[in-house]
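The values are calculated or read from the model by the stated rules, or taken from the named source; none is laboratory data. No experiment lies behind these values; they were computed from the predicted model shown. FYI the Cβ positions are ideal-geometry reconstructions off the backbone, even for glycines, and counts take in every protein chain you see. Remember, those area values only see protein heavy atoms, side chains included, never the ligands or the DNA or RNA. Shrake-Rupley method; radii C 1.70, N 1.55, O 1.52, S 1.80 Å.
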Amino acid sequence: MEISHNSLHPYRDEREEQMNFEHRKSIRKRTSVNILINSDLAYSKSWTVRDLSVDGALIEADRVDLPLGALVEAVLTFEVRRQRDLFRLPANVVRADRNAVALKFRDYDSRAYTALVNFLYAS
């Protein structure tokens, strides 16, 4: 017998369920690569990425100076054709607490996309 998820919470509104559901469409990889976060001209700090996808990153942070919704530049380094290349990805801060910052990448170029996908799918 199959039990419907909604039958476990009969009073739950369907819209509430949709809002709480994570809409991750791309592959994610647990990692420990370094990332540089730039915001305005006055903020630049190096962090460690805990979780990375083509859509965004979860960054370890012991103290967060970035407000929710802040526009930032995430700078990552990946190996491309046996050389280290720098990639600048525009992003928004979508979550910030005392342990982590979640970024959602905005539009970035195909070269950065290819490097990111190659990194994510590498063993």
Among residues of the range 31-45 being within 19 Å of ALA115 (Cβ to Cβ) and among the hydroxyl-bearing types (Ser, Thr, Tyr), the residue least open to solvent (accessible area, probe 1.4 Å) is THR31
Taking PRO90 as meeting all but one of (1) within 14 Å of ALA112 (Cβ to Cβ); (2) at pLDDT below 85; (3) not acidic (Asp, Glu), write down the number of the exception. (2)
Which condition number in (1) open to solvent by less than 40 Å² (accessible area, probe 1.4 Å); (2) part of a strand (DSSP E or B) is the one that LEU120 fails? (2)
Just one listed residue, out of LEU103, LEU66, LEU76, LEU58, is surrounded by 17 or more Cβ atoms within 10 Å (Cβ to Cβ), touching a Phe, Trp or Tyr at 6+ places or on another chain (Cβ under 8 Å) and in a strand (DSSP E or B), and it is LEU76
Residue list for the range 79-100, filter: part of a strand (DSSP E or B) and either among the charged types (D, E, K, R) or open to solvent by 50 Å² or more (accessible area, probe 1.4 Å) (or both): GLU79, GLN83, ARG84, ASP85, LEU86, ARG88, VAL94, ARG95
